[in-house]
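Heads up, the thing below is written out as structure tokens.
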Amino acid sequence: MQVCFDLLIPKTCFGGDFPFQEVLAFWGDESFSQEPPRYAWKEDVKFKKQSMPEHMLNYLPSEMNVSNWVYLSLESNALEIWEKSVNEPYLDESPLMLKEMLEKLLPLLSEWVVIFELNGDQIDNVYQMNKSALLDKIDAALNWDNEPEGFLAWYKS
């Protein structure tokens, strides 16, 4: 199953308590931002900042004004590790860094959007849910015994 896992979060979240660090490129003794910018959480969960795909606007609820938000696409294998843990827990005891990152990040935000898109364009449902329900939904979506489902989950306090 090919999944695009993306976050859409307010730009004001960057800095301070925000758990991501920008991944810099180094040239000699100097460091530079990459283009597009990349962010990492504990070096295991990596995202690339990009423009939000136009078709996502069709799924965003009207309650969400995302005009000043940042769209981040997962670039690491953190989702595959989570999928393996759901389906073969006896084979893999790797820490679930993406799940841990969501557990720490989402409570810091008063609103967020998580996109679990199958095959690059499949969003079957849109859900309003809290962090706990989202983590359960991702577990269910990664389970090979379940029908594959693309979804957009959102939260606004």
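The values are calculated or read from the model by the stated rules, or taken from the named source; none is laboratory data. Everything quoted here is computed from the prediction, not taken from an experiment. Reconstructed Cβ throughout: ideal geometry from the backbone, glycine too, with neighbour counts over all protein chains shown.
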| query | Would a scan of region 77-87 turn up a residue that is assigned to a loop (DSSP other than H, G, I, E, B), at pLDDT 90 or above and of a type in the set (A, V, I, L, M)? | reply | no
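Every residue, every condition in (1) surrounded by 13 or more Cβ atoms within 10 Å (Cβ to Cβ); (2) closer than 25 Å to residue 11 by Cα, yes or no:
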position	(1), (2)
114	yes, yes
127	yes, yes
134	yes, yes
139	yes, no
152	yes, yes
157	no, yes
| said: What's the total number of residues in region 129-157 that are among the basic types (Lys, Arg) and without any contact (Cβ under 8 Å) to a residue 40 or more places away in the chain? | reply: 2
| note | The lone condition residue 23 fails out of (1) loosely packed, with under 13 Cβ neighbours inside 10 Å; (2) in contact with a strand residue (DSSP E or B) (Cβ under 9 Å, 6 or more places away or on another chain) is (1)
| query | Can you tell me which of 121, 145 is among the acidic types (Asp, Glu), surrounded by fewer than 13 Cβ atoms within 10 Å (Cβ to Cβ) and modelled with pLDDT under 95? | reply | 121
| note | The residue from 59, 90 that alone is within 29 Å of residue 147 (Cβ to Cβ), exposed (fewer than 14 other Cβ atoms within 10 Å of the Cβ) and among the aromatic types (Phe, Trp, Tyr) is 90
| query | If we scan region 24-44, do we find a residue that is touching a Pro at 6+ places or on another chain (Cβ under 8 Å), farther than 26 Å from residue 157 by Cβ and part of a strand (DSSP E or B)? | reply | no
| Of the residues that make up region 107-123, is at least one within 15 Å of the chain's Cα centre (by Cα), of a type in the set (D, E, K, R) and part of a helix (DSSP H, G or I)? | no
| query | Can you name the residue in region 43-52 that is within 11 Å of residue 72 (Cα to Cα) and not hydrophobic (A, V, I, L, M, F, W, C) and, of all such residues, is farthest from the chain's Cα centre (by Cα)? | reply | 51
| query | Quick one: would you say residue 153 is assigned to a strand (DSSP E or B) and among the hydrophobic types (A, V, I, L, M, F, W, C)? | reply | yes
| note | Taking region 45-59 and keeping only residues that are part of a helix (DSSP H, G or I), of a type in the set (A, V, I, L, M) and farther than 17 Å from residue 11 by Cβ, one is left with 57
| message | Quick check on region 62-83: of everything there that is of a type outside the set (Val, Ile, Thr), over 23 Å from residue 124 (Cα atoms) and without any contact (Cβ under 8 Å) to a residue 24 or more places away in the chain, which residue is surrounded by the fewest Cβ atoms within 10 Å (Cβ to Cβ)? | response | 67
